[in-house]
Amino acid sequence: MKYYLIFLLSIGLSSCSKFLELKPDQNMEIPSTLADCELLLNDFTAMNMSYAVMPIVMGEEFYFHTEDWQAISDMDERTGYIWADEPVVGSLNWQGPYKTIYVSNQIIAIYNKLSEEDKSSEQGKQILGNAHFFRAFAYQQLLELYTLPYNEATASNELGLPLKVTPDVVAVDGRASLAATYDHVVQDYKQAINLLKPTSIAKSRPTKGAAQAGLSRLYLDMQDYEKAYLYADSAWNMQPTLIDYNTLDPYDEMAIPKNNQEIFFTALTGYSESIGVFSNRINPDLIDLYETDDLRMSIFFQYNDFDPGTYGYKTNYDQSYIGTFIGLTTSEILLIRSEAAARIGKSAIALAGINLLRQHRFAPENYQEVHWGNTILLQEILKERRKELVFRGRRWADVKRLNQDAATQRTLTRTVEGQSYQLAPGSLKFAALIPQLVTQLNPTIEQNKR
């Protein structure tokens, strides 16, 4: 227990490092005011760019040649790529989101001790709304990586996450159920929706629309398509804008503008050797989905002259070479709205959303409105998700969700060093192993089964 407390304390002190550096007076080192909360929220590294990259590494959007796979120095990424059962040595994919949760809990604790005047102020409401949003978003990232896909019939009996709601260093006793964990995230998002304004000071801070978008993403993963549609529709109406890809330069390595009009909320993964135009190759079956005149081909991908017939992914919604953008955008929300609409019998709305998106992804002379019938509507919308949300951290969650339906199941495959690896529907490996340091420091946290 002693080492676990030290471990948690180190996370907490790290999250406050910038704050402490700004407080030379030792009597003011403990955050206690709204201004202190603002400083904590301004820690972009802790709050916006420490999320797990492993869902992208384990997904099906790219592949490695054997020599490129062997060149990856991070053994967790190498073993994760082939879904091996090797113990996870590094803890950043787990620790990063939990650090965000720690800071969020710290802010909520500060808020609860404020005067009633400060609590009821507009600044107080926005700070509390931010804290609930960040905590929800961080837990959501952990759910996608470390738990099995959500199934309402079994969620009460499946393992969820350790739920920490206070900033103290007392160890959490075990893992909540999957149902309880999802409910916790739902409630945090709803709190954020009730508190946040439609606008924020920066894309790194959430808005009411961002909280609605996050909740719609969550309900999509829960396969609650009525609610996914409801919140996606609300989020889209808050920010009904798309980038016209005709305005982008296809020869630009980072053609998509930073802080562009599609972004609800900016979030990035940590650095990964596996993610890069020269280290991996886009899967041919993904490339084959794009029509000849689809502008996304030239905006998203770079043809590899040194490896003819292959492509690398070159762009990023944050123009970052450090992490991969996994935040919330209007294009994703429009796709959630369309998929959910198709599933609940709102075909006209589903088609209208897809046509609006495609209109912004083709030159005017090449754009053709689609008129898919109900028999293929959902299938085609799911293809649009794959084409639009490439390298946005969504494919791993989509495969987990869609593999619960025989009509949309996929077996993922890898080949390295002449050996083939498969990840079949229903595999327990869709819940990644928790880092061994975590389970060693707190034995009540049960490891995912194999």
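The values are calculated or read from the model by the stated rules, or taken from the named source; none is laboratory data. Everything numeric in this text was worked out from a predicted model, so none of it was measured. Here the Cβ is made from the backbone with ideal geometry for all residues, glycine too, and neighbour counts use every protein chain on show. Please note that ligands, DNA and RNA were not included when accessible areas were found on the heavy atoms of the full protein model with its side chains. Shrake-Rupley method; radii C 1.70, N 1.55, O 1.52, S 1.80 Å.
Some values worked out for this structure:
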| read-out | value |
| --- | --- |
| Breaking point among (1) over 29 Å from Ile434 (Cβ atoms); (2) at pLDDT below 95, for Glu38 | (2) |
| Residue satisfying all of: in the stretch 199-245; of a type in the set (A, V, I, L, M, F, W, C) and touching a Gly at 6+ places or on another chain (Cβ under 7 Å); farthest from Ala350 (Cα to Cα) among these | Met238 |
| Residue satisfying all of: in the stretch 50-73; more than 20 Å from Arg395 (Cβ to Cβ) and in a loop (DSSP other than H, G, I, E, B); most open to solvent (accessible area, probe 1.4 Å) among these | Ser73 |
| Search result, residues across the stretch 226-260 that are without any contact (Cβ under 8 Å) to a residue 60 or more places away in the chain and either assigned to a helix (DSSP H, G or I) or open to solvent by 40 Å² or more (accessible area, probe 1.4 Å) (or both) | Lys227, Leu230, Tyr231, Ser234, Asn237, Met238, Thr247, Asp249, Pro250, Tyr251, Asp252, Asn259 |
| Flag for Lys164 being more than 23 Å from Phe264 (Cβ to Cβ), free of Cβ contacts under 8 Å to residues at least 12 places away in the same chain and not small (Gly, Ala, Ser) | no |
| Search result, residues across the stretch 298-333 that are open to solvent by less than 40 Å² (accessible area, probe 1.4 Å), of a type outside the set (Ser, Thr, Tyr) and either free of Cβ contacts under 8 Å to residues at least 40 places away in the same chain or over 18 Å from Glu253 (Cα atoms) (or both) | Phe301, Asn304, Asp307, Gly312, Ile326, Gly327, Leu328, Glu332, Ile333 |
| Top-ranked residue of the stretch 345-389 - restricted to ones that are polar (S, T, N, Q) and over 15 Å from Leu295 (Cα atoms), ranked as most open to solvent (accessible area, probe 1.4 Å) | Thr375 |
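To keep it simple, each residue is scored yes or no on (1) at pLDDT 95 or above; (2) buried (at least 18 other Cβ atoms within 10 Å of the Cβ); (3) under 22 Å from Lys449 (Cβ atoms).
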position	(1), (2), (3)
Pro149	yes, yes, yes
Thr154	yes, no, yes
Asn157	yes, no, yes
Leu161	yes, yes, yes
Val169	no, no, no
Ala179	yes, yes, yes
Lys190	yes, no, no
